[in-house]
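Below is one structure; the comments refer to it alone.
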């Protein structure tokens with residue numbers, strides 16, 4: 001079966017655009033006395049070939065330098081001199097082509113190239129600047145609009161995934177087993193330790209309130225995220241008692257840094273469910289934040305081992321990986337590893 005040949009949008013626009021321009025020039029020549037059809041066809045063919053070559057060479061140059069990814073504030077200062085250079089190229093190529101055609105096909109033509117160039121120089125240069133400006137604007141505005149549409153789609157997708165993370169977090173807090181144990185712990189504390197019981201109720205209320213009324217924020221400060229994590233750990237400690245120990249190492253200089261909402265919380269929940277909760281003697285959850293030249297590193301370590309998860313589980317981790325990929329456009333790093341009966345979840349976030 002023969003493979004169907006397809007032409008990209010770029011080449012379609014190149015062929016159609018320069019063909020229309022060449023047809024217009026041919027039509028103006030057709031209305032002049034002494035029009036030669038075969039010469040007109042040759043002019044049309046060479047016009048399309050030559051000007052596509054010039055603009056395509058520029059395209060390869062722009063792609064190599066990454067100009068199609070620049071914002072308007074950085075692109076425009078580069079396009080102004082580029083238009084002048086392309087206009088000059090257009091001028092010399094066009095004058096040389098027209099001059100050669102007249103020498104070859106017009107009997108008795110003997111005008112010197114210098115005089116011919118001087119006569120047509122200004123008008124052809126202005127036409128070249130105008131045409132190249134139109135081409136450059138069309139080419140770069142297409143890439144700019146395509147990039148902006150892509151960013152808008154990515155942002156919309158990120159917003160949806162963040163909302164899903166909020167809903168997943170709410171679902172985890174409302175898990176019947178979790179809620180049953182939390183309420184039982186509170187019930188047991190009501191008589192023996194009313195102060196702790198009131199604290200447990202406050203913690204549970206804060207967690208549920210944060211899940212329900214946190215708004216649409218995609219990024220929050222590390223300080224806000226750690227406050228949520230501390231509330232969650234304190235409430236879980238009422239259930240697990242001495243089986244759960246935790247240590248948080250994060251300097252005040254990190255508190256104002258923005259990170260994706262619930263990224264630490266998701267990993268802490270995972271550490272308790274699959275780590276501490278599976279250990280008879282419990283263990284220590286360590287949360288450590290460091291900042292170096294490569295960016296912010298967040299490590300959550302707990303006793304346990306990595307086990308294959310069912311396809312239907314692990315949604316929180318998959319959700320977190322996708323959010324990091326979208327938020328930092330692939331520049332963030334996330335991995336879970338095991339060594340010496342300890343599991344470590346590591347997030348590396350680039351800082352602007």
In this structure, is residue 63 surrounded by 12 or more Cβ atoms within 10 Å (Cβ to Cβ), farther than 23 Å from residue 120 by Cα and out of contact with any helix residue (DSSP H, G or I) (no Cβ under 7 Å at 6 or more places or on another chain)?
yes
Which members of the stretch 332-349 meet the condition of being part of a strand (DSSP E or B), surrounded by fewer than 15 Cβ atoms within 10 Å (Cβ to Cβ) and more than 27 Å from the chain's Cα centre (by Cα)?
338, 339
Can you tell me which residue in the stretch 17-40 is nearest to residue 100 (Cα to Cα), limited to those that are buried (at least 16 other Cβ atoms within 10 Å of the Cβ) and touching a residue at least 60 places away in the same chain (Cβ under 8 Å)?
39
Only one of 86, 75, 70 is under 23 Å from residue 148 (Cβ atoms), touching a helix residue (DSSP H, G or I) at 6+ places or on another chain (Cβ under 7 Å) and crowded, with 16+ Cβ neighbours inside 10 Å, namely 75
When you scan the stretch 177-190, do you find a residue that is surrounded by 15 or more Cβ atoms within 10 Å (Cβ to Cβ), at pLDDT below 70 and closer than 30 Å to residue 297 by Cβ, even just one?
yes
Evaluate the stretch 226-235: report whether one residue or more is crowded, with 16+ Cβ neighbours inside 10 Å, touching a strand residue (DSSP E or B) at 6+ places or on another chain (Cβ under 9 Å) and over 25 Å from residue 184 (Cα atoms).
yes
Give the number of residues within the stretch 277-298 that are under 34 Å from the mean Cα position of the chain (by Cα) and at pLDDT 90 or above.
9
Residues that are touching a helix residue (DSSP H, G or I) at 6+ places or on another chain (Cβ under 8 Å) and under 20 Å from residue 78 (Cβ atoms), drawn from the stretch 122-136:
128, 129, 131, 132, 133, 135, 136
Quick one: in the stretch 242-276, of everything that is assigned to a helix (DSSP H, G or I) and closer than 15 Å to residue 296 by Cα, which residue is modelled with the highest pLDDT?
264
Given the conditions (1) surrounded by fewer than 17 Cβ atoms within 10 Å (Cβ to Cβ); (2) closer than 26 Å to residue 235 by Cα, every one holds for residue 291 apart from (2)
Test of understanding: among 43, 14, which residue is surrounded by 14 or more Cβ atoms within 10 Å (Cβ to Cβ), under 33 Å from the mean Cα position of the chain (by Cα), at pLDDT below 90 and part of a helix (DSSP H, G or I)?
14
Does residue 262 satisfy the criteria of being surrounded by 17 or more Cβ atoms within 10 Å (Cβ to Cβ), in contact with a helix residue (DSSP H, G or I) (Cβ under 9 Å, 6 or more places away or on another chain) and over 30 Å from residue 159 (Cα atoms)?
no
Positions within the stretch 96-112 being without any contact (Cβ under 8 Å) to a residue 24 or more places away in the chain, in a helix (DSSP H, G or I) and either touching a strand residue (DSSP E or B) at 6+ places or on another chain (Cβ under 6 Å) or surrounded by 12 or more Cβ atoms within 10 Å (Cβ to Cβ) (or both), in sequence order:
96, 98, 99, 100, 102, 103
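The values are calculated or read from the model by the stated rules, or taken from the named source; none is laboratory data. Note that this is a predicted model, so its numbers are computed, not measured. No Cβ is skipped: glycine too gets one built from the backbone with ideal geometry, and neighbour counts run over all protein chains shown.
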